[in-house]
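In what follows, a single structure is set out as structure tokens and then discussed.
The values are calculated or read from the model by the stated rules, or taken from the named source; none is laboratory data. Everything quoted here is computed from the prediction, not taken from an experiment. With ideal geometry, Cβ positions are generated from the backbone for all residues, glycine too; neighbour counts draw on all protein chains shown.
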Amino acid sequence: MKIYKISAVFLMISCLLSAQSKSTDWPVLKTYDQAHIQKIKMPIGGIGTGTISLTGRGSLEDWEIMNRPAKGFNPTIENRGPVKEKGPFFAIYVEDGEGQKETRLLEGPPDESTYEGPWGATSNQHGLPRFGKASFKTAYPFGQVFLSDDDLPVEVVVEAYNPLIPGNVDDSSIPITILNYKVKNISDKEITISIAGSIQNFIGFDGTRGQTIKNMNTIRESQGVKGIHYTTEGVDSQSEQWGTMSFVSLNDGETSYRTSWQEMKSRWDKKRLDFWDDFSNDGILEKRENKNANAPIGSIAVKNILKPGEEKNFRFLISWHFPNRQTWDKPGFQKLIKTTVGNYYTTKYSDSWDVISKTLPRLKELETETQTFVSALIESDFPSEVKESALFNLAHLRTQLAFRIKSGHLLGWEGLFDTYGSCFGSCTHVWNYEQSTAFMFGELAKTMRDVEFGYATDDEGLMSFRVYLPLEEGQKWGKAAADGQMGSIMKFYRDWQLSGDDAFLKAHWPKVKKALEFCWIPGGWDADKNGVMEGSQHNTMDVEYFGPNPQMGFWYLGALKASAEMANYLGEKKFAKTCLNLFEEGSKWMDENLFNGEYYEHHIQPPMSEDNVAESLIGAADVKNAIDFTSPDFQLGKGVLVDQLVGQVFSHIVGLGYLANKENIKKTLESIMKYNYVENMVSHANFHRSYALGDESALLMAAYPGERPEKPFPYFTEVMTGFEYTAAVGMLQEGLTDDGLLCIRNIRDRYDGKKRSPFNEAEAGHHYARSMMAWAGILAITEFQYSAVEKSMTFTSKPGTYFWSNGFSYGTISVGNKVAELKVLSGELELEHFTLTGVGTQKIKGKTIKSGELINIKI
């Protein structure tokens, strides 16, 4: 037996880190009892790095760190059959001083739905003893699992997080999982405990692709920190699955290691039995040899003594570094172009141990800054459902949904299937909806605009609504989406306003202008140039709408208004006037022709001939031949579309005001609530995908109080959260607060931990990008607008304390009677004009408010 004794330097650093980790309690927004934890999987990883998930039971599952989705992957390489799930786990050894010993997984009870299978239970480590009681508390990105058991003298809190700081992209993009195991002796006797963690070296295999070849684990020490470094000598260094991992302990106490488990000499795998017997004997791990293992398991155990009533925190870090991200790999799409585009995060670190080395000295700082952000948001006077939906949906940015290639550009799938991305290409008509990136990480949002206008838009103004990789091949999709292209113009305007970056505007304006002018090409969306979209309009319903309709119409009006603002700023008065004239003409026409007294409807106008439709305006190459151009199927018609006002919602977000008659807008939202709202889905007939069921309440994609096409657009009976948020935010913007909050609350009630994970709102795949529209709930409640161009901020005059962020800085504001106390918590804020809505505006003389500063403003 070999126990690695701790050096004096290591002991000093470990004691310091242990003391630091005993900070104030983490903020909590939501608590889930044991009946509502089984579906919880909270992603713990940086933006663009991949992630590991903390379950509501306390286990680490879904190891999605090798450039691709890997739902359900709990690395178990050398066992036979899926039933023998033996993935990574942590366990505790407890000895009470009187010879009584217990060893348990540091997890709560498994999901009962995993009890049955052809070979028995199917959950990870299903047969090992664990704690009998568990609950989960969270305020993303902090997750805490509370474990207890009537037969054990300890209570344990499993804590996990990854830094998340608005405006600070690099510190929010660290490939690391930070784990705490807070163990409290609840007995009146001194006890001995040991915490052990075991992780297999699965480099080379991402859960679906590749294989492990000659992997090895080594004990490594630097900066006084010792742990296990995972490498490979056999996996191709150019493959996506090649890289490094590290697992370290930051704890004082008697520490022992295994770099491999017992060699298996028969088909009956007894490695786990050997580990359990060894650890359960005295809490110390004996060394094992397994020279033939291609995927050796590494384990760390830390043994310590707890006095009666004493609590100690045991901290572990898991880091990773996989540099060889390749292009989109969805079968049938970008199959002819294969190249390595890399990962931006891996340019910041040489390997996974370098991640540890660079992050370790800043652990306390990163935790404190993350706590500051989360506390500022959840202590604000927002309704709880708004805080929850905005904060928890940030988890999507930290999954394999979004990634940064080596150049630093952020790209994303629409969603994630279990083992591959869902719908490639940073699809514009999906990413149009999400507001989290721009208002949390403005620099990342700008890289997405650079992709859209710098790489995806051709010289004629056609923006490929899916972008190929490498970016130099970005235009090869060659199809335009009406909503995607118009929304991208509005996003560009938003990101210019938030950043105040005139160089950004001037560099991309020629293509932004061309993208709008593309509406006016022969056979185009507004070929007769009257401010109304009438042509073949491919859109986010994955069909072409023919004829004027509100969804595309309001996107177009918003793009016209945004373009007029940018053109005026750049001195292009003639183009600005053209845009404004078209806006006014189109807005009037929609009110007079599409508004039916209750809502805006779609007037189907078939083109009669495919010759009247530009090929680039048909969304997929194989669709054109299937369209009956004299009487097309899959239209909206006279239905009440749930997101018909998405362009209007966006217009309010960016301060462009009303795009049509104010009364008509409000009436439309009332009609959506009247016709689309279903109190109990058990009575609803849905003929496509089901995202709401049984006694759940939801907003339908479309309702037909009158005439319905025989074959409406494919999703009309469905429910999807991104669209529900869009309608709900519109309601909040128009003062229909109770209805808006009810719709948001219904969504979050469906993602309750029992039926679905609170961190995984789905549409076409897990972690669907559109659901990040939820952030706009915060914007609507606060009426927040910021322009770095004009150096102005607008805020609600309703008394209260609120959180704000503009993508580059964030803080809080306390609003009273004609007064406001504005504080910057991170970044800098340039401010010359401050407005309380309905009260007035105060001029501020060229004030730059730095982090930590506070100013009082009287109107």
Test result for A503, surrounded by fewer than 24 Cβ atoms within 10 Å (Cβ to Cβ), over 26 Å from the mean Cα position of the chain (by Cα) and either assigned by TED's automatic domain parsing to the domain that holds I778 or not in a helix (DSSP H, G or I) (or both): yes
Residues that are among the aromatic types (F, W, Y) and either part of a helix (DSSP H, G or I) or not assigned by TED's automatic domain parsing to the domain that holds L498 (or both), drawn from region 652-688: Y675
Region 179-209, residues that are buried (at least 19 other Cβ atoms within 10 Å of the Cβ) and over 30 Å from E155 (Cβ atoms): N201, F202, I203, G204, F205, D206, G207
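Residues that are modelled with pLDDT under 95 and under 17 Å from S350 (Cβ atoms): does region 226-234 have at least one?
Taking every residue of region 226-234 in turn, none turns out to be modelled with pLDDT under 95 and under 17 Å from S350 (Cβ atoms).
Of the residues that make up region 605-622, is at least one under 27 Å from K711 (Cα atoms), in a loop (DSSP other than H, G, I, E, B) and modelled with pLDDT of 95 or more?
Of the residues in region 605-622, the ones under 27 Å from K711 (Cα atoms) are 605-622.
Applying the additional criterion that residues be in a loop (DSSP other than H, G, I, E, B) yields 605-609, 613-614, 618-622.
Adding the requirement that they be modelled with pLDDT of 95 or more leaves none.
Within region 605-622 (the criterion being under 27 Å from K711 (Cα atoms), in a loop (DSSP other than H, G, I, E, B) and modelled with pLDDT of 95 or more), the answer is no, since none of the residues qualifies.
Go through region 350-381 and count every residue that is among the charged types (D, E, K, R) and under 23 Å from the mean Cα position of the chain (by Cα). Steps first, answer last, please.
Taking region 350-381 first, the residues among the charged types (D, E, K, R) are 351, 354, 358, 362, 364-365, 367, 369, 379, 381.
If we keep only those that are under 23 Å from the mean Cα position of the chain (by Cα) too, we end up with 367, 369, 379.
The total comes to 3.
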Scan of region 1-57 for residues that are outside any loop (DSSP other than H, G, I, E, B), modelled with pLDDT of 95 or more and aromatic (F, W, Y), ordered by number: Y32
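From the list A820, A780, A774, A769, exactly one residue is over 20 Å from S436 (Cβ atoms), of a type outside the set (F, W, Y) and surrounded by 22 or more Cβ atoms within 10 Å (Cβ to Cβ). Which is it? Give the derivation first.
Working: A780 fails: over 20 Å from S436 (Cβ atoms); A774 fails: over 20 Å from S436 (Cβ atoms); A769 fails: over 20 Å from S436 (Cβ atoms).
It is A820.
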Region 570-604, subset small (G, A, S) and in a helix (DSSP H, G or I), residue farthest from N661 (Cα to Cα): A576
Odd one out for S173 among (1) closer than 30 Å to I356 by Cα; (2) out of contact with any Lys or Arg (no Cβ under 8 Å at 6 or more places or on another chain): (2)
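Residues are listed down the side, and each one gets a yes or a no for (1) touching a Lys or Arg at 6+ places or on another chain (Cβ under 9 Å); (2) in the same structural domain as W477 (by TED's automatic domain parsing); (3) surrounded by fewer than 24 Cβ atoms within 10 Å (Cβ to Cβ):
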| site | (1), (2), (3) |
| --- | --- |
| Y345 | yes, no, no |
| K348 | yes, no, yes |
| S357 | no, no, yes |
| T372 | no, no, yes |
| R398 | no, yes, no |
| G415 | yes, yes, no |
| Y420 | yes, yes, yes |
| F424 | yes, yes, yes |
| W431 | yes, yes, no |
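Residues in region 281-291: is at least one at pLDDT 90 or above and under 22 Å from D354 (Cα atoms)? Give the derivation first.
Quick first cut of region 281-291, residues at pLDDT 90 or above only: 281-288.
Those still in the list that are under 22 Å from D354 (Cα atoms) too: none.
No, there is no match, as no residue in region 281-291 is at pLDDT 90 or above and under 22 Å from D354 (Cα atoms).
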Residue count for region 97-115, restricted to those that are closer than 25 Å to S135 by Cβ and over 31 Å from the mean Cα position of the chain (by Cα): 3
Region 535-574, subset more than 19 Å from Q648 (Cβ to Cβ) and among the aromatic types (F, W, Y), residue surrounded by the fewest Cβ atoms within 10 Å (Cβ to Cβ): Y569
Qualifying residue in region 573-592 (condition: over 32 Å from the mean Cα position of the chain (by Cα), closer than 30 Å to L831 by Cβ and either free of Cβ contacts under 8 Å to residues at least 12 places away in the same chain or not assigned by TED's automatic domain parsing to the domain that holds M720 (or both)): yes
Residues being under 31 Å from the mean Cα position of the chain (by Cα), over 19 Å from G500 (Cα atoms) and aliphatic (A, V, I, L, M) - total across region 797-852: 4
Qualifying position, being surrounded by 22 or more Cβ atoms within 10 Å (Cβ to Cβ), in contact with a helix residue (DSSP H, G or I) (Cβ under 6 Å, 6 or more places away or on another chain) and touching a residue at least 12 places away in the same chain (Cβ under 8 Å), among A481, A402: A481
Among residues of region 95-137, those that are closer than 15 Å to V183 by Cβ and assigned to a loop (DSSP other than H, G, I, E, B), counted: 4
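Within the bounds of region 318-340, is there any residue that is in the same structural domain as P75 (by TED's automatic domain parsing), of a type in the set (A, V, I, L, M, F, W, C), crowded, with 21+ Cβ neighbours inside 10 Å and within 26 Å of K479 (Cβ to Cβ)? Let's see the steps before the verdict.
Within region 318-340, the first condition is being in the same structural domain as P75 (by TED's automatic domain parsing), and the residues that meet it are 318-340.
Then drop every residue that is not of a type in the set (A, V, I, L, M, F, W, C), which leaves 318, 320, 322, 328, 333, 336-337.
Next, from what is left, pick out any that are crowded, with 21+ Cβ neighbours inside 10 Å: 318, 320, 322, 328.
Now restrict to residues that are within 26 Å of K479 (Cβ to Cβ): 328.
So far as region 318-340 goes, yes, one or more of its residues are in the same structural domain as P75 (by TED's automatic domain parsing), of a type in the set (A, V, I, L, M, F, W, C), crowded, with 21+ Cβ neighbours inside 10 Å and within 26 Å of K479 (Cβ to Cβ).
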Residue tally, condition within 25 Å of L641 (Cβ to Cβ), surrounded by 17 or more Cβ atoms within 10 Å (Cβ to Cβ) and touching a helix residue (DSSP H, G or I) at 6+ places or on another chain (Cβ under 9 Å), over region 506-534: 10
Pairs, first aromatic (F, W, Y) in region 370-382, second outside any helix (DSSP H, G or I), C-beta under 8 Å, six or more apart: F373/L164; F373/I165; F373/P166; F373/Y810; F373/L825; F373/S826; F382/Y802; F382/F803
